[in-house]
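Reading through the structure tokens given below for one structure.
The values are calculated or read from the model by the stated rules, or taken from the named source; none is laboratory data. Note that the structure is predicted; figures quoted are calculated from it, not measured. Here the Cβ positions follow ideal geometry from the backbone for every residue, glycine too, while neighbour counts run over all protein chains shown.
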Amino acid sequence: MDINYDYYRIFYYVAKYGSFSRAAEVLLKGQPNLTKIIHKLEVQLGCRLLVRSNRGVTLTPEGEKLYHYAEIAFENLSFAQREIVSKRNLEGGSIFVATTEIALYGALLPALTAFHRDYPSVKIRLANLNSTQALDAVKKGIADFAAATLYEKEEDMFRITRIRDFKEILCCKKGYQYDPEHIFSSPYISINRGSYTYQFYRQYLLSMGIEKEPDIEVATADQILPLVKSGIGIGFICEFLAADALESGGIEEIMLPVLPKPRSICLAEDKAKSLSIAARELKRYLCRQALLAAP
């Protein structure tokens, strides 16, 4: 059957918006012309597709079936078009990422290095936040996505992609004196109580029968290491953040009878929104970096 495929495009938009007038505005065509084309399509297919009323346009059963396939076709065409122009779009634009220090050093930094090398014209903005604040930035539409350490089940509005797992160890200054039987009688340094990390370690300590609030609270994870190195107290530090200080002898690990469970660096994006081409490409670099880091 030889049917002008532009007829299907016009049908798709009329059905999508449920209105001839709205479709005419989008397509920059006259409404009477759209009405004639839909009539021609119905004649050629030999069935009624649309029913007009004061409330707008409704689809007949045949119209519903045609719209189902037309929607798939036009979505695929739109996707192909976006892919074709993606290289051009990556010659500019910007990405805003809300990140924690652990996510930055554990996953985002190597991905950003490779991404910036390949797409130097894309501007990148980073916000150094805790996980709760990072997710809030995504929720408010400020950040394209968050790279963060997450705790238990997140809200349903986020699409979560796990990038890599990591472990944290309890550390103190080299030679620091503590009671091996009552380790947490020493001053305890932790990220503040509004963070996911605080909740994680509160549950961990409670599982061992220890009721302990931090003696010193900090805003970000990278502030724990210099405080531990100074001998003020003890604190949990991510292994890759602690590696240099452990090797140089500035700090040492405190062995625990039960180790905390590994946690994950994740990418969180709003399910209700689509990432820009540049942000989607950076996400791809992050996921690729995770594969390279996997054992």
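Mind checking whether some residue in region 253-271 is in a helix (DSSP H, G or I), under 30 Å from F145 (Cα atoms) and in contact (Cβ under 8 Å) with a residue 24 or more places away in the chain? No, region 253-271 contains no residue that is in a helix (DSSP H, G or I), under 30 Å from F145 (Cα atoms) and in contact (Cβ under 8 Å) with a residue 24 or more places away in the chain. Filter region 42-57 for residues that are in contact (Cβ under 8 Å) with a residue 12 or more places away in the chain and part of a helix (DSSP H, G or I); which is farthest from Y67 (Cα to Cα)? Among them, the one singled out is Q44.
For region 187-213, the candidate set comprises residues that are basic (K, R) and in a loop (DSSP other than H, G, I, E, B); within that set, the residue that is modelled with the highest pLDDT is K212.
Working only within region 161-183, note down all residues that are out of contact with any Leu (no Cβ under 7 Å at 6 or more places or on another chain) and of a type in the set (A, V, I, L, M, F, W, C). Hits for region 161-183 are F166, I169, C171, C172, I183.
Taking Q81, is it within 30 Å of H116 (Cβ to Cβ) and either of a type in the set (K, R) or not assigned by TED's automatic domain parsing to the domain that holds N130 (or both)? Here the answer is yes, as Q81 does meet what is asked.
Going residue by residue through region 113-130, is there one that turns out to be under 13 Å from the mean Cα position of the chain (by Cα), in the same structural domain as A279 (by TED's automatic domain parsing) and part of a helix (DSSP H, G or I)? Scanning region 113-130 turns up no residue that is under 13 Å from the mean Cα position of the chain (by Cα), in the same structural domain as A279 (by TED's automatic domain parsing) and part of a helix (DSSP H, G or I).
Being in contact (Cβ under 8 Å) with a residue 40 or more places away in the chain, surrounded by 14 or more Cβ atoms within 10 Å (Cβ to Cβ) and assigned by TED's automatic domain parsing to the domain that holds I72 is a condition met by no residue of region 23-41.
Within region 159-181, track down each residue that is exposed (fewer than 13 other Cβ atoms within 10 Å of the Cβ), farther than 30 Å from L275 by Cβ and in contact with a Ser or Thr (Cβ under 9 Å, 6 or more places away or on another chain). Result: Q177, D179.
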